[in-house]
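Nothing in this text is a laboratory measurement; each read-out follows from the coordinates by a stated rule. No experiment lies behind these values; they were computed from the predicted model shown. Because the Cβ atoms are built from the backbone with ideal geometry, glycine has one as well, and the counts that use them run over all protein chains shown.
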Amino acid sequence: MGLSKRVSSWSVEEVLEWMQGYHPAKMDTLQKAIIKHAISGRVLLRLKDHHLELLGVEAEEQQQEILQDVLLLKVQEEVNQELNDVCSGQLCSCDSDLASRVSNRPAE
């Protein structure tokens, strides 16, 4: 699953899809819990080890694996947001630059 959509906007189904892709061995434990507790992308990004334990992931090593992948999601989302902000700012200034050049262009 790519990050074309912000993780914080993911539905429960998209969280399940991500979890299946990254942690298929834990899906037996997690699928029902994710649905029961309505773990959306926004909630996923806020999970801590004690939350995972409540969701049925008791092994600390498994908790850390999931939390590392969630941290990567957070970082990717922040980087994407920063890039979008930078690109939006550049595009706006480039667009207004182009518009002023076109409007100041002498008639042919």
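Scan region 1-66 for GluC sites (Glu not before Pro) in coil per DSSP, keeping those whose Cβ has at most 12 other Cβ atoms within 10 Å, and list them by number. Intermediate results must be reported in sequence, preceding the final value.
Details: sites: Glu13, Glu14, Glu17, Glu53, Glu58, Glu60, Glu61, Glu65; in loops: Glu58.
Those that pass, being in a loop and sparsely packed, are Glu58.
Around Glu61, under 12 Å between beta carbons, what's the net of Lys plus Arg minus Asp minus Glu among the other residues?
Local net charge: -3.
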